[in-house]
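My questions will all concern the structure given below.
Coordinate-derived values only; no laboratory data. Being a predicted model, the structure only gives us computed values, none of them experimental. Counting neighbours? That spans all protein chains shown, and the Cβs are built from the backbone with ideal geometry, glycine included.
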Amino acid sequence: MASTEAATEEAAPAAAAEEAPLVAAAATSRAPPKGPQKRRPPRTHLHAELVKKRKDPLPSPKVEVEAALRALQVGDQAAVEALMARSGEEPVAEEWQQRYKTGARGYWDQFYKEKNINFFKDRNYLREEFPELMPSEVVADPKRWVDALETSSQGPPCSRPELLKAMEGRTVLLELGCAVGNGLIPMLRANPELFGLGCDLSAEAVQLLRSKEEYSCGRCLAFPCDITKSRDQPTPEHSALEDQVPEGSVDFATLLFVLSAIDPSEYPSTIARIRERMRPGGVVMVRDYGRGDLAQLRFGAGHWMGGDSYVRGDGTLAVFLTDTGLASVFEASGFETLSCEYRRTEVTNRGTGVVMPRVWVQGRFRRQL
């Protein structure tokens, strides 16, 4: 996740920063569209191919998809490796690779412009995956009913003093890559003691989150932010992580399918920046695409960007992670690995009934004392 045109700004004095208004809390009255906007072929190196597919009513051959499914279902690792090697036969041109890396914000904004807010499902499964974020009654019964968040007349905090007051006495959760709040809001519902901070590269996604009635509960703050950058943010609307989140204030942070959208060369500096926001002993929880996942095997020629990195047809990145690689990059940034492993699961397509094996990588990393 990188910016297109980074503007250099001098760091403000600490005292001034304490009183400066939080950019994210500035009222967000622009109402999002009620439905998805008209889809346009994204400007990618696959533009002509996508236009052709939309004009051609015949479905594309499913041979590659079926081969990937068979390889995963029977555990044929040789076939899996062969399918991944196939995508490297026609790599993306270097010029286009740079466009995708530096223009990620635009591609993600377009993605969220085209989706209705109801397109995204709540991630209620996080109650089971990350029980340390939940109260004891939810840990005992993760599927128990929880009420919607009540709106507050105060709304989200608008200044650093207001933010610190709202966070006082609560467990602070930072969701990096919060999208439209389908992870953040359900976790706040399930645990009344949480205060949530959320950021996303896409200002469109943040706007959709802010438009939700539950956002005005007084227990969360969302803002657009490129977490791979310091104060050189892509637009004036974006805020640097260090300007919004007090240093050493976060108990838990989540990276849910976020690192897979970032150029791996940005991992060390990004994770080091996150570390500065964590309290000593604070834990970062990661869940993302694992190497050998079905999605990786389905990429054909023309999508490969080197290593385990690919570009989707809409211009967004897709990086597939290994457990050892994920652990090593966190450990190099001053974290202790509590757990890091592959999670293999099966997802059933409700329309076709096809069972799809998936591979995630999931880890917990604690900031060293």
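Between Trp96 and Arg343, what is 0.36 nm times their sequence separation minus the Cα-Cα distance? Round to one decimal in nm. Let's see the in-between values first.
Numbers: separation 247, 0.36 × 247 = 88.92 nm, distance 3.25 nm.
That pair, Trp96 and Arg343, stretches by 85.7 nm at full extension.
Assigning unit charges at the beta carbon (Lys, Arg +1; Asp, Glu -1) and nothing else, what dipole magnitude in debye, to the nearest 20, does the range 233-369 show about its Cα centre? Don't jump to the answer; show the numbers that get you there.
Details: 15 positive and 17 negative charges, 102 e Å.
Using Cβ point charges on Lys, Arg, Asp and Glu, the range 233-369 gives about 480 debye.
A further question follows. Among Ile271, Gln296, Gln244, whose Cα sits farthest toward the positive end of the charge dipole of the range 240-301 (+1 at Cβ of Lys/Arg, -1 at Cβ of Asp/Glu, about the Cα centre)?
Looking along the dipole axis, the top candidate is Gln296.
Projecting each Cα onto the charge dipole of the range 61-367 (Lys/Arg +1, Asp/Glu -1 at the beta carbon, about the Cα centre), which of Val311, Phe365, Met134 comes out farthest on the positive side?
Most positive-ward Cα: Met134.
Which ³J(HN,Hα) values in Hz, rounded to whole numbers, follow from the phi angles of the range 227-236 under the Karplus curve 6.51 cos²θ - 1.76 cosθ + 1.60, where θ = phi - 60° and Gly and Pro get x?
The phi angles translate into 6, 7, 10, 8, 7, 8, 7, x, 9, x Hz.
Can you pull out the chymotrypsin sites (Phe, Trp or Tyr not before Pro) in the range 199-261 whose DSSP state is coil and whose Cβ has at most 10 other Cβ atoms within 10 Å?
Filter output for the range 199-261: empty list.
With θ set to phi - 60°, apply the Karplus curve 6.51 cos²θ - 1.76 cosθ + 1.60 along the range 153-165 and write out the HN-Hα couplings as whole Hz, x wherever there is a Gly or Pro.
Computed from phi, the couplings for the range 153-165 are 5, 6, x, x, x, 10, 8, 4, x, 5, 5, 4, 5 Hz.
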